[in-house]
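Asks: Questions regarding the structure given below will be posed in turn.
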Amino acid sequence: MPSRAVFASSARTKWHGGASGRDGGNVPVQVKAISGNTWQFKIRSFLEGEFEEEHQAFGSMEPPRYSNLRVVLVALRNEARAHDRFFVLSWDQLRDVLADRHRQYLAKHGGRRPKAPRSLRVALPIGAVLQFEDQWQVIEAALS
């Protein structure tokens, strides 16, 4: 874990802040927490896209808002989880996971969301980011 992390709250379950290293340097960090089993995102933050009637078409990837942005997804302790879980990844990795999942979902449904065709929300279940659990070196590497 970075030697020092400072987070400033900007919403109930999302914080923006940063981490700083022992020898200087800092990296922006976005933290998003859930008490359930899925995080919610708007896909337009990650992919350029448009509607063709009720069909969604997405093209190129969006760049991060901040250079070198890192993301910590937190699954808070609840009745099913004995402790908080942390998933640490770069913004690019998060974008790639969300883009792949959303494109696969749309392909499965002919490019149209079955229940809410114009919705831009995407769900990210814990199971989709297991490979990033406790990967604090993602932040450490960005500090060096």
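Asks: Exactly one of (1) at pLDDT below 90; (2) in a strand (DSSP E or B); (3) not polar (S, T, N, Q) is unmet by Phe87. Its number?
Replies: So the condition that Phe87 fails would be (1).
Asks: All but one of (1) modelled with pLDDT of 85 or more; (2) part of a loop (DSSP other than H, G, I, E, B) hold for Ala80; state the number of the condition that does not hold.
Replies: With respect to (1) modelled with pLDDT of 85 or more; (2) part of a loop (DSSP other than H, G, I, E, B), Ala80 is out only on (1).
Asks: Would you pick out the residues in segment 34-77 that are surrounded by 18 or more Cβ atoms within 10 Å (Cβ to Cβ) and not in a strand (DSSP E or B)?
Replies: Result: Ile43, Phe46, Pro64, Leu69.
Asks: Can Gln131 be described as in a loop (DSSP other than H, G, I, E, B) and either modelled with pLDDT of 95 or more or hydroxyl-bearing (Ser, Thr, Tyr) (or both)?
Replies: No, not satisfied.
Asks: So is Glu48 in contact (Cβ under 8 Å) with a residue 24 or more places away in the chain, of a type outside the set (A, V, I, L, M, F, W, C), touching an Asp or Glu at 6+ places or on another chain (Cβ under 7 Å) and more than 16 Å from Ala128 (Cβ to Cβ) or not?
Replies: No; evaluated as a whole, the condition is false for this residue.
Asks: Looking at Leu120, Leu73, Leu143, Leu106 in this structure, which one is in contact with a Lys or Arg (Cβ under 6 Å, 6 or more places away or on another chain) and at pLDDT below 90?
Replies: Leu120
Asks: Same structure again: Scan segment 44-60 for residues that are out of contact with any Phe, Trp or Tyr (no Cβ under 7 Å at 6 or more places or on another chain), at pLDDT 80 or above and of a type in the set (A, V, I, L, M, F, W, C) and jot them down.
Replies: Phe46
The values are calculated or read from the model by the stated rules, or taken from the named source; none is laboratory data. This one's a predicted model, so the numbers in the text were calculated from it and none came from an experiment. We place every Cβ from the backbone using ideal geometry, glycine too, and count neighbours over all the protein chains shown.
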